[in-house]
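The values are calculated or read from the model by the stated rules, or taken from the named source; none is laboratory data. Because the structure is predicted, anything quoted here is derived from the model rather than measured. Because the Cβ atoms are built from the backbone with ideal geometry, glycine has one as well, and the counts that use them run over all protein chains shown.
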Amino acid sequence: MILEKIQKENDIKKLTPDELARLPREIRRLLIDTVSETGGHLASNLGVVELTMALHLTFDVTKDKIVWDVGHQSYTHKILTGRWKNFSSLRQFGGLSGFPNPCENEHDTFVTGHATTSLSLGLGMAWARELKGENHHVISVIGDGSLTGGMAYEAINNASMLKKNYIIVLNDNNMSISENVGGMSKGLVRMRTSTVYKGMKESVHTTLDKIPVYGERIAASIHRTKSGIKQLLIPGMTFEQMGVLYLGPVDGHNVARMRQVFEEASQVEGPVLVHVMTKKGYGFKPAENHPARFHGADPFDKSKGIPKKLKDPTYTDIFSTVMRKFGDREKKVVAITAAMMDGTGLKRFHNMFPERFFDVGIAEEHAITFAAAMAKEGLIPVVAMYSTFLQRAYDQLLNDVCVQHLHVILAVDRAGIVGKDGVTHQGVFDISFLSSMPGMTILAPKNKWELSDMMKFAVKYDGPIAIRYPRGEACTLWKEQRAPIELGKCEELYIPSKNEQSKDGKRVMLFALGSMVKSAMEAKDILAEEGIAVSVVNARFAQPFDKEYLEKKMVKYDAIVTLEENVKSGGFGEHVAAFLCESGYQGLVHNIAVPDEFVQHGDAELLKHKLALDGEGVAETVREIYEG
């Protein structure tokens, strides 16, 4: 096996030409074998095998710095730095991260889990290099999908002031998570045809070289006007207009050609962009044919390219169905997402109501302000976004939505512990930052029917409103307990009868929000076998929560325990505790929440167990209250 010769960084440079030619196939086999078992980002990594090899062959990764945008396409980089030996632990608890992580390997230059950051990071490192008087290369790899995000252009604009070498590698595969949209994507399509320009230029110069005396003068004149020719044949030339030299496009699956261009780029004084064209999913037909499906893949059958486990409907599936129905019933409803049509479940809405669907690209800030304007004009925008990405639009939510109390509906997908994507993707901060905004209403469903009911409530509501729901299969328990959704009102799920009171007389209420209702009900059953009876109340609203109910019932309880899948700081529990204190509650208030720390990657259920957020963990907390 060729990979056995790669024990550490730069070992790839010791391989023979024949070994280098065979290495891509071996890497792809390892990627497919591993991700089919662990799940992970497959299509993007299959597409950058040769690109990563070319970077490692051209540069010294022990000295030069490579910054991967988003970072989900860094698997080959991990393999070429000797981590192939532990690759089976990918995205497992205690194993390799699915994203770059300097704590895992010092040559992962930065933790990158969100898009459009690599250019700012690379530029900062390049300037730091100059100020420190160091001599090494800085390379930022960014996908064409990330160029739909404004932060990338802020960095490019700033890069023009740098006079020393800084290399941007544009990995152009015509995809982000879903297919790319917008003007930049169309511009890159035109740039891909620049081979016409290059071919014509070479032909012209070859011909002029044969003309004595005058040919040289004509060539010089053409050189002076080359920007005009480029403008004519490569519309926009956005990068050179912003002071960044453009090289390419180059075949992203031709290692030798990329090495040649990277060598040229390394000699440039100032910022230079190398346009590399790759195919997402390259080398594995199912991923080539369905790149979005294999962007973030669950474990799958390698021979068929289909998931190993057929899932029950997820919360995203329920949201998708509800949105399709709203498309028929509510003509004012429009759907907005930020390059996440498939992931957020809006594909069916897009197919049926394309004129009311808007994918704005990887531009969360724009998505929110865009929605605010639509709401101001009387439409009902539903913005579907993962919790971890929503936090990028805090300012727009606060100033453009909440200040004017506009009716924007936030469908906050992947809220809570998401598991294997790890620290940059855990959706455990949204309650804290959303609840800091005056007028923001926040709900969380206990099961799939409640998500449907909350969406119906949100459409009829007037004002900013967020519904947060977790990743994975939707809970199908307690179908018969479906009280109407009323603003700020909770729902009693279980209240012990007099015959079920705890043997020592202590009374505890579990005031649970969203996904934590399941943990509360599991804890209730566990404790019942020990002679401990607890009440379970479904909070439904994180803001405004049911103050009237708590004020009325608090005298009946010795302890009130809040439960949420969000960090403790600024969360639902802290707000409830503050209210109970102000109301003169004399009992114990305890908040069960995610600790105020970054949660690493691993199976979601395992992480919840370790964080004491599952039924047994909640039961243990109640036992401690009884013993205290």
task = Just give me the residues in segment 490-516 being in a loop (DSSP other than H, G, I, E, B) and within 32 Å of the chain's Cα centre (by Cα), in sequence order.
result = 490, 513, 514, 515
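If you go through segment 365-381 one residue at a time, how many are in contact (Cβ under 8 Å) with a residue 60 or more places away in the chain and assigned to a helix (DSSP H, G or I)?
2
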ask   = How many of the residues in segment 245-278 are more than 14 Å from residue 55 (Cβ to Cβ), in a strand (DSSP E or B) and among the β-branched types (Val, Ile, Thr)?
value = 1
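Listed here are the residues, each with its yes/no results for (1) within 22 Å of residue 379 (Cβ to Cβ); (2) part of a loop (DSSP other than H, G, I, E, B).
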position: 405; (1), (2): yes, yes
position: 410; (1), (2): yes, no
position: 419; (1), (2): no, yes
position: 422; (1), (2): no, yes
position: 433; (1), (2): no, no
position: 439; (1), (2): yes, yes
position: 449; (1), (2): no, no
position: 452; (1), (2): yes, no
position: 455; (1), (2): yes, no
query = Can you spot a residue in segment 132-139 that is modelled with pLDDT of 95 or more, within 13 Å of residue 167 (Cα to Cα) and in contact with a Gly (Cβ under 8 Å, 6 or more places away or on another chain)?
reply = yes
inquiry  = I want to confirm something. Restricting to segment 304-340 and keeping residues that are within 28 Å of residue 39 (Cα to Cα) and among the charged types (D, E, K, R), which single residue is surrounded by the most Cβ atoms within 10 Å (Cβ to Cβ)?
reply    = 317
query = Across segment 358-403, what is the total count of residues that are surrounded by fewer than 21 Cβ atoms within 10 Å (Cβ to Cβ), under 18 Å from residue 437 (Cα atoms) and touching a helix residue (DSSP H, G or I) at 6+ places or on another chain (Cβ under 8 Å)?
reply = 6
request  = Would you mention how many residues in segment 29-51 are closer than 18 Å to residue 171 by Cα and either free of Cβ contacts under 8 Å to residues at least 40 places away in the same chain or over 21 Å from the mean Cα position of the chain (by Cα) (or both)?
outcome  = 4
message = Take the conditions modelled with pLDDT under 95 and of a type in the set (Ser, Thr, Tyr) and apply them to residue 557. Does it pass?
response = no
remark   = Residue hits (segment 57-89; aliphatic (A, V, I, L, M), in contact with a Phe, Trp or Tyr (Cβ under 7 Å, 6 or more places away or on another chain) and farther than 12 Å from residue 109 by Cβ) are 79
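I'd like to verify a number: residues in segment 149-186 that are β-branched (Val, Ile, Thr), touching a Ser or Thr at 6+ places or on another chain (Cβ under 8 Å) and modelled with pLDDT of 90 or more, how many?
Selection size over segment 149-186: 3.
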request  = Would you point out the residue of segment 95-133, among those that are of a type in the set (Asp, Glu) and under 24 Å from residue 8 (Cα atoms), that is nearest to the chain's Cα centre (by Cα)?
outcome  = 108
query = Of the residues that make up segment 407-425, is at least one closer than 21 Å to residue 519 by Cα and basic (Lys, Arg)?
reply = yes
inquiry  = Among the residues in segment 118-138, are any touching a residue at least 60 places away in the same chain (Cβ under 8 Å), closer than 30 Å to residue 359 by Cα, surrounded by 22 or more Cβ atoms within 10 Å (Cβ to Cβ) and in contact with an Asp or Glu (Cβ under 9 Å, 6 or more places away or on another chain)?
reply    = no
All positions within segment 335-360 that are among the acidic types (Asp, Glu) and either in contact with a His (Cβ under 6 Å, 6 or more places away or on another chain) or in a helix (DSSP H, G or I) (or both) = 355
ask   = Looking at (1) free of Cβ contacts under 8 Å to residues at least 12 places away in the same chain; (2) surrounded by 23 or more Cβ atoms within 10 Å (Cβ to Cβ), which is the one condition that is false for residue 14?
value = (2)
request  = Scan (1) in contact (Cβ under 8 Å) with a residue 60 or more places away in the chain; (2) outside any helix (DSSP H, G or I); (3) under 22 Å from the mean Cα position of the chain (by Cα) for the single condition residue 467 breaks and write down its number.
outcome  = (1)
query = Does at least one position in segment 295-311 carry a residue that is modelled with pLDDT of 85 or more and in the same structural domain as residue 17 (by TED's automatic domain parsing)?
reply = no
